[in-house]
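Note sheet for the following structure.
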Amino acid sequence: MVSVLESGAYLVNGSEIIPDGAEAASAVREKTGKEITREEARQGTIAYGVLKEHNTSGNMDRLKIKFDKLTSHDITFVGIIQTARASGLERFPVPYVLTNCHNSLCAVGGTINEDDHMFGLSCAKKYGGVYVPPHQAVIHQYAREMLAGGGKMILGSDSHTRYGALGTMAVGEGGPELVKQLLGQTYDIGMPGVVGVYLTGEPVKGVGPQDVALAIIGEVFASGYVKNKVMEFVGPGVASLSADFRIGIDVMTTETTCLSSIWQTDDVIKEFYEIHGRSEDYKELNPKEAAYYDGMITVDLGKVKPMIAMPFHPSNTYTIEELNANLLDILDDVEKKAAVSLDGAVDFTLKNKVRDGKLYVDQGIIAGCAGGGFENICAAADIMKGSYIGSDGFTLSLYPASMPVYMELIKNGCAAALLETGAVLKTAFCGPCFGAGDTPANNAFSIRHSTRNFPNREGSKLQNGQISSVALMDARSIAATAANKGMLTAATEFDGEINRYQYHFDANIYANRVFDSKGKADPSVEIQLGPNIKDWPVMTELPDNLVLRVVSEIHDPVTTTDELIPSGETSSYRSNPLGLAEFTLSRKDPAYVGLAKDIQTAQKAVMEDKCPLEAKPELKAVMAVINKDYPEVGRGNIGFGSTIFAVKPGDGSAREQAASCQKVLGGWANIANEYATRRYRSNLINWGMLPFLIPEGELPFKNKDYLFFPGIRKAVEEEAEEIKAFKVGENSLSEFTLKLGELTKEEREIILKGCLINYNNKKM
């Protein structure tokens, strides 16, 4: 089904894999008739060509990328634009699309959500952008339909910014990276590795894109095989897949922790652009005669079976056949993993969902950028036609990814077929993916064709004793399960026809509703600011020396951004930095906010030129110990704040608030064994936080300890490989060392200035 090479590999003529090794060069020469070095072959990937066209540094080892287009949704664009405005934004220099698909319901927090929307509309007018109103399209579907282009690059403030199937290299990053683009700066990164994904065969009936995606995620996530690399999809199997099928696989590459993705393109993708009235945006992309990949994943599409990712991670994968055959054993394993993910906060089991040896689910959802595509919903309609979901507890909701998709489902009869089954069709909305829509009942089990199934992402609140869970599946198997009134069923058991429907795109839907400035800014427009929209608080430069208190210690194997800053109920506060910060780590470590604020009182005193030891008397003893060895450290050359330790923080969402909320509460650093994603680490840096690394093993400190970092500013300035630190004991200092990892010159400057806003203000 899926296999992984332990070495790099050459792809010759797009069809033959030659694993790297002693004989590889001669094998490549024999196949091509040329001497092609590994370095030359590295330049033969599609990814290399796209990156080269967008690199402004002149050095392909140190990229400085300028993107063609930007896109954000309504829980990120307010903070991004507010940050850019604070740094002197005058107009959007490239097309910037503001979609409204996360806070669409406008049902929480009074006028807050619609205030954010009106802020977005007024900014699109003032600065020359595009504004997509609520319920028209989810961010990534609009980008596919209206933004993507062959050989182009798009940067989005959502982690699932992936349009590789359409020949567009897209990257999901935290908001500050979009701010840099809006200010004419660059996305700075070392040349990423490129991993080939070689597809053969074609999927059997009943297998959909989510099945292929989960099979790949399950194989590569734990090993970090593609972490921070570009996944490049090639091979004869690509031709067997429709555009929608490719898109459905592509969007889930985010869950492998890769940086981006790109696919070879062909007449199928050419037709996609033609259908959407943008034939000029198609470009044929293929690897060169010989291309070298830093790894190679091979996927036999014909052997992929219907998959399920059990709670609480997309990599916790099984075939549905395997799950049904070993039900109680696998459910027992899920309980053990849940005990880690949920910290034992609630009792969790799915064994009570087993009846007569069969697993029954309570809810089905087909939604968003992964599930809400045209073909997925058409296939669900065909599988469910003539069935009904019943009048018991099981429910089924479907969210077409855009209004044009919805319109075509109405025209071709699939919408009617689904409604007759008892299913509900809703408008384009990302809520089910992050806990703001179709929240299940307590202890309910939901199967979803969406992007993630992290803890709490479906709306649970562990601190209130509320828990439900999500498994990821393909729309086809969700439909087969719904047709069996909730009994878990693989779509390969369906013996009817799954038809191929022709898609017709109605451009008038957007033309009549979406505001498009055509790139023309209107400085006379006044920005509409609701009462919840707040500016960022003042942040200081990195001091010469730091005293930090550890205010949270997390030993989970991976900590998601959802755990660092919860989604769902917090979304209404994304435009209010201080209000949102109150939720930081609330589901993982409820004591965090109080402890962070407590030590922050000392730094506030420093900023007000008052005595920090009077503001926080506990520090008198701490400073007494420090001054024994460092008598020169004191007023005028020291700062105070907090830090957290987590084994591997930052998996999942690109939302910058996972870092900015810590900063707002006085955070100066994270300490980790490694960072789950580049985007989380870059968020820390852009908010002026030190991304410390410490080797795995016994920690030299514990929660609530004080840590001292002498000469920290000088160490950052001088690019010190190791950072000297001390745990402050009752009578003495205990030394240990940390590292910061690789930092660009600009990243060091941002940390020294205290945050990206300060960095840009100083430049101006």
Please work out which residue is nearest to the chain's Cα centre (by Cα), limiting yourself to the stretch 627-665 and to residues that are more than 23 Å from L752 (Cα to Cα) and surrounded by fewer than 22 Cβ atoms within 10 Å (Cβ to Cβ). K648
Evaluate the stretch 120-136: report whether one residue or more is in a strand (DSSP E or B) and of a type outside the set (A, V, I, L, M, F, W, C). yes
Among the residues of the stretch 129-145, is any more than 23 Å from K426 (Cα to Cα), basic (K, R) and surrounded by 21 or more Cβ atoms within 10 Å (Cβ to Cβ)? no
Within the stretch 423-444, can you find the residues that are within 20 Å of H313 (Cβ to Cβ) and in contact with a Leu (Cβ under 6 Å, 6 or more places away or on another chain)? none
Looking at the stretch 686-740, which of its residues are over 28 Å from P176 (Cβ atoms) and touching a Phe, Trp or Tyr at 6+ places or on another chain (Cβ under 7 Å)? L699, P700, F708, P710, F726, K727, V728, L733, S734, E735
Which helices (runs of 4 or more DSSP H) does the stretch 1-93 wholly contain that include 1 or more residues that are on the phi < 0 side of the Ramachandran plot and modelled with pLDDT under 95? 24-32, 38-42, 77-86
Which residue is farthest from I189 (Cα to Cα), if the candidates are limited to the stretch 21-48 and must be crowded, with 17+ Cβ neighbours inside 10 Å, touching a residue at least 40 places away in the same chain (Cβ under 8 Å) and of a type outside the set (K, R)? V28
Could you tell me whether the stretch 668-680 includes any residue that is at pLDDT below 95 and either touching a Phe, Trp or Tyr at 6+ places or on another chain (Cβ under 6 Å) or of a type in the set (S, T, N, Q) (or both)? yes
Given the residues I262, I269, which is the only one that is under 19 Å from L147 (Cα atoms), touching a Gly at 6+ places or on another chain (Cβ under 7 Å) and in a strand (DSSP E or B)? I262
Run G519 past the list (1) surrounded by fewer than 17 Cβ atoms within 10 Å (Cβ to Cβ); (2) within 20 Å of M118 (Cβ to Cβ); (3) of a type outside the set (A, V, I, L, M) and report the number of the one that doesn't hold. (2)
Working only within the stretch 445-473, note down all residues that are assigned to a helix (DSSP H, G or I) and out of contact with any Leu (no Cβ under 8 Å at 6 or more places or on another chain). Q463, N464
Cβ-Cβ under 7 Å, sequence separation 6+ or interchain: first residue in the stretch 583-598 and of a type in the set (S, T, N, Q), partner assigned to a loop (DSSP other than H, G, I, E, B). Which pairs? T584/I565; T584/L665; S586/P566
Anything in the stretch 271-282 that is surrounded by fewer than 17 Cβ atoms within 10 Å (Cβ to Cβ) and under 25 Å from Y48 (Cβ atoms)? List them, or say none. E280
Among (1) in contact (Cβ under 8 Å) with a residue 40 or more places away in the chain; (2) acidic (D, E); (3) over 19 Å from S642 (Cα atoms) - the single one D705 does not satisfy: (3)
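Residue by residue, here is whether (1) among the aromatic types (F, W, Y); (2) outside the structural domain of I447 (by TED's automatic domain parsing); (3) within 18 Å of A482 (Cα to Cα) holds:
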position	(1), (2), (3)
Y360	yes, no, yes
G372	no, no, yes
D382	no, no, yes
G386	no, no, yes
S402	no, no, no
A428	no, no, no
Count of the stretch 704-733 residues which are farther than 30 Å from G190 by Cα and exposed (fewer than 14 other Cβ atoms within 10 Å of the Cβ): 5
Subset tally (residues that are small (G, A, S) and either modelled with pLDDT under 95 or more than 16 Å from S477 (Cβ to Cβ) (or both)) for the stretch 352-366: 1
Identify, from the list K411, K385, K461, the residue that is modelled with pLDDT of 90 or more, among the charged types (D, E, K, R) and more than 23 Å from M146 (Cα to Cα). K385
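Listed here are the residues, each with its yes/no results for (1) at pLDDT 95 or above; (2) under 23 Å from E322 (Cβ atoms); (3) surrounded by fewer than 24 Cβ atoms within 10 Å (Cβ to Cβ).
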| position | (1), (2), (3) |
| --- | --- |
| E173 | no, no, no |
| G193 | yes, no, yes |
| T200 | yes, yes, yes |
| G206 | yes, yes, yes |
| A213 | yes, yes, no |
| G224 | no, no, yes |
Failed item in (1) surrounded by fewer than 17 Cβ atoms within 10 Å (Cβ to Cβ); (2) more than 30 Å from I467 (Cα to Cα); (3) touching a residue at least 40 places away in the same chain (Cβ under 8 Å), with G530 passing the rest: (1)
Any hit, the stretch 184-199, residues being in contact with a Phe, Trp or Tyr (Cβ under 6 Å, 6 or more places away or on another chain) and of a type in the set (G, A, S): yes
Look through the stretch 533-570, keep the residues that are in contact with a helix residue (DSSP H, G or I) (Cβ under 7 Å, 6 or more places away or on another chain) and assigned to a strand (DSSP E or B), and return whichever of them is surrounded by the fewest Cβ atoms within 10 Å (Cβ to Cβ). N545
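The values are calculated or read from the model by the stated rules, or taken from the named source; none is laboratory data. Nothing here was measured: the structure is a model prediction, and the numbers come from that model. Cβ coordinates were reconstructed from backbone atoms using ideal geometry, including for glycine residues, and neighbour counts include every protein chain displayed.
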